[in-house]
Amino acid sequence: MILTDLVALSFIQSGFGQIMVKDIICNADNVGLYEKYELQFEVINAVYDNPFDPNQIDVSGTFVSPESDTIRIWGFWDGYHWKIRFAPVSTGVWQFSVTVRDSVSFYSTAFDSMNVISSSNPGFIGISKVNRHYLEYSNGEWYYGNGLAKPWFIFEHTPTLFQDMEEHGMNSLVVWMPSWESLLVRDYYDKYDVGRALIIEDVVEAAEAHGIQLIFTIWNHDALRGVGHPWTVRPYYDAFNAFRHIAFPADSFFVNDSSWYYQKNLYRYIIARWGYSTSIGIWAVISELDGTGSSSYSRSNTNDFRNIWFERITNYFKENDPYKRPTTGSLAAAVIWDLGFNITDIPQVHFYNYWKSDPLTDGTWTMAGMQKQIWEGWDKPAFFGEFGPKNENGLEPEYQHNAIWACLMNGAALSPMDWNDDAEWGEFTPEMFDDMLHLKRFISDVDLRDTD
């Protein structure tokens, strides 16, 4: 929104020292329930070198609900201004204040108010209070995710993807935040590429506009894999991930204290900048953990440093996301991952069976059986976060048809997500989009939370 369209706010200054907050503007007089309320402002006379390090400059907002509940929201530097983004979770008059701390001083504005009105936004998705095998929105409506996986170059490869998904009743999309065009730490581990952040911003805003919930992947395996790993392809950590400058080889990323220090700064920035959005549906902290590092991985060894890190990053998002979204993570191996399923909120499996003699039958039976096994073993939602055959065999539409219905009938909380990369795995076909519309029409008439 153009700044001249924003509403200026006037605050009484308080606190002590030279640091000050000034020129605060907001994006609305009245904000809808679960909608974005954004404050933009300047911080003057603060002492810091790096605006992306909250240990040098810590910016936050305190929001107090009409029921006197308090929510602290981190601020962030977008490359031009300081901002705080907040999604109110109840209607009525909220009070809020902005606080800034640097290494030598502290400043806090007096409290001002914002008015929250009702909206059509159903809120954030979370684990159902009715049946923990399923998901629901903040307002209590059932959420069944029906979607696909399109990790990168969405606007370049599939410019009408969000419109096509909405027209066919689809509401879930797997994306990779650190994909090749949007890796925030490609050049620096302690500062973030604000141009690449705008690409992520475009994806989030497009998802908001079309009612899509993002399965928002924090790390993919390629970005954390180095030379020495048994998967010899694409050791991109060594070439493109700036964390290599403080943690090398790739195994060090998971155990180095400096690495974790700057990882936490990165995760805080992600939550601060995009955590307001109800279209961030699920935090997928890692895609295919067994493909990371610079050595072999053991999925059953609780002492494998990658498993320890997986629990650590999962807990970070659980503890610091003010809206308490569910978390997930995955292996490449199509197995029941007891250790990981116990850690995460939503067990996830990846399944590619293009090597089987008859993937249409063998693959469908395997997926149905694994989905049922997870239902019986964990009181949690579960789904296949990636699946599919290579497009060279022409089986993808029929395989997807079989998979979405087999998984639905065996307890999936989201449809299996067909992998689309505009290369050997192809893209969604019109026939596949039509199948998802049929699925949407079916689940609109039922509420599987009533099943056991």
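The values are calculated or read from the model by the stated rules, or taken from the named source; none is laboratory data. This structure is a prediction, so every number in the text was calculated from the model and none was measured. Note that we place each Cβ from the backbone using ideal geometry, even for glycine, and neighbour counts take in every protein chain shown.
When you go through Val104, Val89 one by one, which is the residue that is farther than 30 Å from His245 by Cβ and not assigned by TED's automatic domain parsing to the domain that holds Ile374?
Answer to the check: Val89.
Would you say Glu424 is at pLDDT 90 or above, under 30 Å from Leu289 (Cβ atoms) and not in a helix (DSSP H, G or I)? Give the steps one after another, and end with the answer.
Numbers: at pLDDT 90 or above: no; under 30 Å from Leu289 (Cβ atoms): yes; not in a helix (DSSP H, G or I): yes.
Criteria not met by Glu424.
Return the residues of the range 137-159 that are buried (at least 18 other Cβ atoms within 10 Å of the Cβ) and assigned to a helix (DSSP H, G or I); say none if nothing qualifies.
Hit for the range 137-159 is Ile154, nothing else.
Does the range 412-419 contain at least one residue that is assigned by TED's automatic domain parsing to the domain that holds Tyr316, within 26 Å of the chain's Cα centre (by Cα) and over 23 Å from Ile212 (Cβ atoms)?
The answer is no; no qualifying residue exists.
Restricting to the range 68-118, name every residue that is more than 24 Å from the chain's Cα centre (by Cα) and hydrophobic (A, V, I, L, M, F, W, C).
Matches in the range 68-118: Val93, Trp94, Phe96, Val98, Val100, Val104, Phe106, Ala110, Phe111, Met114, Val116, Ile117.
Of these, Tyr137, Tyr107, Tyr189, which one is without any contact (Cβ under 8 Å) to a residue 24 or more places away in the chain and of a type in the set (Phe, Trp, Tyr)?
Being without any contact (Cβ under 8 Å) to a residue 24 or more places away in the chain and of a type in the set (Phe, Trp, Tyr) holds for just one of Tyr137, Tyr107, Tyr189, which is Tyr137.
Inside the range 233-283, can you point out the residues that are among the hydrophobic types (A, V, I, L, M, F, W, C), under 30 Å from Ser172 (Cβ atoms) and outside any helix (DSSP H, G or I)? Don't jump to the end; show me each part of the working.
Of all residues in the range 233-283, those among the hydrophobic types (A, V, I, L, M, F, W, C) come to 233, 239-240, 242-243, 246-248, 250, 253-255, 260, 266, 270-272, 274, 280, 282-283.
Now drop any that are not under 30 Å from Ser172 (Cβ atoms), which leaves 233, 240, 243, 253-254, 266, 270-272, 274, 280, 282-283.
Val233, Ile280, Ile282, Trp283, listed by residue number.
Could you grab me the full set of residues in the range 58-100 that are charged (D, E, K, R), touching a residue at least 40 places away in the same chain (Cβ under 8 Å) and in a loop (DSSP other than H, G, I, E, B)?
Asp78
Quick one: in the range 427-448, which of the residues that are among the charged types (D, E, K, R) and more than 24 Å from the chain's Cα centre (by Cα) is surrounded by the most Cβ atoms within 10 Å (Cβ to Cβ)?
Among them, the one singled out is Asp435.
Is there any pair with a first residue in the range 286-307 that is assigned by TED's automatic domain parsing to the domain that holds Phe341 and under 18 Å from Thr327 (Cα atoms) and a second that is in a helix (DSSP H, G or I) and among the charged types (D, E, K, R) whose Cβ atoms are under 6 Å apart and which are 6 or more apart or on different chains, and what are they?
Hits for this filter: Leu289/Arg306.
Would you mind stating whether Ala209 is surrounded by fewer than 18 Cβ atoms within 10 Å (Cβ to Cβ), within 18 Å of the chain's Cα centre (by Cα) and either at pLDDT 95 or above or in a helix (DSSP H, G or I) (or both)? Quick ask: steps written out before the conclusion?
Details: surrounded by fewer than 18 Cβ atoms within 10 Å (Cβ to Cβ): yes; within 18 Å of the chain's Cα centre (by Cα): yes; either at pLDDT 95 or above or in a helix (DSSP H, G or I) (or both): yes.
Yes; evaluated as a whole, the condition is true for this residue.
Kindly indicate whether Lys380 is under 24 Å from Leu448 (Cα atoms), in contact with a strand residue (DSSP E or B) (Cβ under 8 Å, 6 or more places away or on another chain) and basic (Lys, Arg). Quick ask: steps written out before the conclusion?
Details: under 24 Å from Leu448 (Cα atoms): yes; in contact with a strand residue (DSSP E or B) (Cβ under 8 Å, 6 or more places away or on another chain): yes; basic (Lys, Arg): yes.
Yes.
Give the range 424-438 a look and list any residue that's closer than 22 Å to Tyr144 by Cα and among the acidic types (Asp, Glu), or say none.
Glu431, Asp434, Asp435
Could you list, in sequence order, the residues of the range 1-29 that are surrounded by 11 or more Cβ atoms within 10 Å (Cβ to Cβ), of a type outside the set (Gly, Ala, Ser) and at pLDDT 50 or above?
Across the range 1-29, the qualifying residues are Gln18, Ile19, Met20, Val21, Lys22, Asp23, Ile24, Ile25, Cys26, Asn27.
Could you say whether any residue in the range 223-232 is surrounded by 18 or more Cβ atoms within 10 Å (Cβ to Cβ) and β-branched (Val, Ile, Thr)?
no
Which condition number does Glu376 fail, the rest of (1) modelled with pLDDT of 90 or more; (2) under 26 Å from the mean Cα position of the chain (by Cα) being met?
It is condition (2) that Glu376 fails.
Before we move on, is Ala406 buried (at least 18 other Cβ atoms within 10 Å of the Cβ), of a type in the set (Gly, Ala, Ser) and within 23 Å of Asn342 (Cβ to Cβ)?
It is false that Ala406 is buried (at least 18 other Cβ atoms within 10 Å of the Cβ), of a type in the set (Gly, Ala, Ser) and within 23 Å of Asn342 (Cβ to Cβ).
Has the range 160-172 got any residue that is crowded, with 17+ Cβ neighbours inside 10 Å and touching a Pro at 6+ places or on another chain (Cβ under 8 Å)?
Scanning the range 160-172 turns up no residue that is crowded, with 17+ Cβ neighbours inside 10 Å and touching a Pro at 6+ places or on another chain (Cβ under 8 Å).
Residue-by-condition table, conditions (1) over 17 Å from the mean Cα position of the chain (by Cα); (2) on the phi > 0 side of the Ramachandran plot; (3) modelled with pLDDT of 95 or more:
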position	(1), (2), (3)
Ser300	yes, no, no
Ile346	no, no, yes
Asn353	yes, no, no
Lys380	yes, no, yes
Ile404	yes, no, yes
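Looking at the range 45-57, I want the residues that are in the same structural domain as Met20 (by TED's automatic domain parsing) and have a partner that is of a type in the set (Lys, Arg) and assigned to a loop (DSSP other than H, G, I, E, B) with Cβ atoms under 6 Å, at least 6 apart or on another chain. Which pairs are those?
Pairs that qualify, where the first residue is in the same structural domain as Met20 (by TED's automatic domain parsing) and the partner is of a type in the set (Lys, Arg) and assigned to a loop (DSSP other than H, G, I, E, B), are Phe52/Lys191.
Hey, can you tell me all the residues within the range 241-262 that are of a type in the set (A, V, I, L, M, F, W, C) and in contact with a Gly (Cβ under 9 Å, 6 or more places away or on another chain)?
Matches in the range 241-262: Phe248, Ala250, Phe253, Phe254.
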